[in-house]
Amino acid sequence: MFTLELIEKTGDVSDLLGSFLDDQISLLAKPETALAILKSFVSYKGTRRQLNLAEVKDYANTLGESVREKDVLEIIGALVHLRICCEKNKNGFYELRHDALAAKNL
(Lines give C-alpha, C1' and ligand atoms only; values in the text may rest on other atoms or scores of the structure.)
Protein backbone atom coordinates (compact mmCIF):
# COMPACT_ATOMS: atom_id res chain seq x y z
CA MET A 1 0.00 0.00 0.00
CA PHE A 2 1.26 3.49 -0.87
CA THR A 3 1.17 6.06 1.88
CA LEU A 4 2.13 9.71 1.77
CA GLU A 5 5.03 8.93 4.10
CA LEU A 6 6.32 6.21 1.78
CA ILE A 7 6.03 8.45 -1.27
CA GLU A 8 7.88 11.29 0.46
CA LYS A 9 10.54 8.89 1.69
CA THR A 10 11.03 7.44 -1.79
CA GLY A 11 11.45 10.83 -3.44
CA ASP A 12 10.94 11.89 -7.02
CA VAL A 13 10.59 9.14 -9.62
CA SER A 14 13.28 10.75 -11.80
CA ASP A 15 15.67 10.52 -8.84
CA LEU A 16 14.92 6.80 -8.61
CA LEU A 17 15.54 6.38 -12.32
CA GLY A 18 18.83 8.25 -12.09
CA SER A 19 19.94 6.14 -9.15
CA PHE A 20 18.94 2.97 -10.97
CA LEU A 21 20.95 3.97 -14.05
CA ASP A 22 23.99 4.93 -11.99
CA ASP A 23 23.86 1.63 -10.10
CA GLN A 24 23.46 -0.49 -13.23
CA ILE A 25 26.19 1.32 -15.19
CA SER A 26 28.64 1.00 -12.31
CA LEU A 27 28.15 -2.78 -12.27
CA LEU A 28 29.12 -3.19 -15.93
CA ALA A 29 32.66 -4.21 -16.88
CA LYS A 30 33.29 -0.93 -18.74
CA PRO A 31 31.13 1.77 -17.12
CA GLU A 32 32.65 4.71 -19.04
CA THR A 33 32.04 2.97 -22.36
CA ALA A 34 28.51 2.02 -21.31
CA LEU A 35 27.75 5.65 -20.45
CA ALA A 36 29.06 6.80 -23.85
CA ILE A 37 26.87 4.19 -25.54
CA LEU A 38 23.81 5.27 -23.55
CA LYS A 39 24.47 8.91 -24.47
CA SER A 40 24.40 7.96 -28.13
CA PHE A 41 20.70 7.12 -27.82
CA VAL A 42 19.78 10.64 -26.64
CA SER A 43 19.17 13.38 -29.21
CA TYR A 44 20.34 16.96 -28.78
CA LYS A 45 16.71 17.73 -27.81
CA GLY A 46 16.86 15.23 -24.94
CA THR A 47 14.63 12.66 -26.62
CA ARG A 48 15.44 9.08 -27.41
CA ARG A 49 16.64 8.18 -30.87
CA GLN A 50 17.15 4.98 -32.83
CA LEU A 51 20.63 4.03 -33.97
CA ASN A 52 22.22 1.08 -35.66
CA LEU A 53 25.36 -0.58 -34.35
CA ALA A 54 27.76 1.45 -36.51
CA GLU A 55 26.14 4.74 -35.44
CA VAL A 56 26.40 3.81 -31.76
CA LYS A 57 30.07 2.91 -32.19
CA ASP A 58 30.83 6.12 -34.11
CA TYR A 59 29.09 8.30 -31.53
CA ALA A 60 30.87 6.65 -28.60
CA ASN A 61 34.18 7.19 -30.39
CA THR A 62 33.41 10.91 -30.78
CA LEU A 63 33.11 11.09 -26.98
CA GLY A 64 36.70 9.89 -26.65
CA GLU A 65 35.96 6.23 -26.04
CA SER A 66 37.90 3.92 -28.32
CA VAL A 67 35.19 1.31 -28.75
CA ARG A 68 35.27 -1.89 -30.74
CA GLU A 69 32.14 -3.33 -32.32
CA LYS A 70 32.46 -6.37 -30.05
CA ASP A 71 32.35 -4.10 -26.97
CA VAL A 72 29.30 -2.22 -28.29
CA LEU A 73 27.43 -5.47 -28.87
CA GLU A 74 28.34 -6.77 -25.43
CA ILE A 75 27.28 -3.58 -23.66
CA ILE A 76 24.06 -3.19 -25.65
CA GLY A 77 23.29 -6.82 -24.81
CA ALA A 78 23.70 -6.04 -21.12
CA LEU A 79 21.53 -2.92 -21.45
CA VAL A 80 18.83 -4.95 -23.20
CA HIS A 81 19.01 -7.56 -20.44
CA LEU A 82 18.62 -4.79 -17.84
CA ARG A 83 15.62 -3.46 -19.81
CA ILE A 84 17.30 -0.11 -20.37
CA CYS A 85 17.47 -0.58 -24.16
CA CYS A 86 15.18 -2.36 -26.58
CA GLU A 87 16.40 -5.28 -28.64
CA LYS A 88 17.36 -4.55 -32.22
CA ASN A 89 14.24 -3.98 -34.33
CA LYS A 90 13.59 -5.45 -37.78
CA ASN A 91 15.44 -2.51 -39.36
CA GLY A 92 18.56 -3.05 -37.27
CA PHE A 93 18.05 -0.16 -34.85
CA TYR A 94 18.39 -0.04 -31.07
CA GLU A 95 16.88 2.57 -28.75
CA LEU A 96 16.26 3.34 -25.11
CA ARG A 97 13.27 1.52 -23.72
CA HIS A 98 11.64 4.56 -22.11
CA ASP A 99 11.44 8.27 -22.93
CA ALA A 100 12.18 9.00 -19.28
CA LEU A 101 15.68 7.54 -19.74
CA ALA A 102 16.46 10.04 -22.48
CA ALA A 103 15.01 12.83 -20.35
CA LYS A 104 17.70 12.10 -17.78
CA ASN A 105 20.12 13.64 -20.32
CA LEU A 106 22.61 10.92 -19.73
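The values are calculated or read from the model by the stated rules, or taken from the named source; none is laboratory data. In this text the structure is predicted, and so the values were computed from the model without any measurement. Using ideal geometry, Cβ is built from the backbone for each residue, glycine included, and neighbour counts are taken over all protein chains shown. Remember, those area values only see protein heavy atoms, side chains included, never the ligands or the DNA or RNA. Shrake-Rupley method; radii C 1.70, N 1.55, O 1.52, S 1.80 Å.
Quick notes on this structure:
- Result for the chain in a Gaussian network model with C-alpha springs under 10 Å: among Lys30, Lys88, Lys39, the largest mean-square fluctuation is at Lys30.
- Using C-alpha pairs under 8 Å with a sequence gap of at least 6, the mean separation divided by the residue count of the chain gives a relative contact order of 29 percent.
- Cross-link reach list, lysines versus Lys45, counting only Cα pairs under 21 Å and skipping chain neighbours closer than eight places: Lys57, Lys104
- For the chain, the Cβ-based charge dipole about the Cα centre amounts to some 420 debye (Lys, Arg positive; Asp, Glu negative; other atoms uncharged).
- Using the 1.4 Å probe convention, the accessible area of the chain works out to 65 Å² per residue with neighbouring protein chains retained.
- Among Asn91, Asn61, Asn52, the largest mean-square fluctuation in a Gaussian network model of the chain (Cα springs under 10 Å) belongs to Asn91.
- Between the helical axis of 31-40 and the longest alpha-carbon principal axis of the chain there is an angle of about 90 degrees.
- The apolar share of the surface of region 57-106, taken as the fraction of accessible area on carbon and sulfur atoms (1.4 Å probe, ligands and nucleic acids excluded), comes to 46 percent.
- Given the alternatives [x] 38, 28, 24; [y] 34, 24, 22; [z] 47, 27, 24, Cα extents along the principal axes in Å as computed for this entry is given by [z].
- The long axis of helix 69-81 is offset from the longest Cα principal axis of the chain by roughly 20 degrees.
- Converting phi to 3J(HN,Hα) with the Karplus coefficients 6.51, -1.76 and 1.60 and the offset θ = phi - 60°, region 48-59 yields 6, 9, 8, 9, 8, 4, 5, 5, 5, 4, 4, 5 Hz in sequence order, with x at every glycine or proline.
- Amide proton proximity set for Cys85, modelled H, under 5 Å, gap of 5+: Val80, Arg97
- Spin-label pair Lys88/Leu27, simplified geometry with 7 Å Cα→Cβ offset, distance in nm: 2.5 nm
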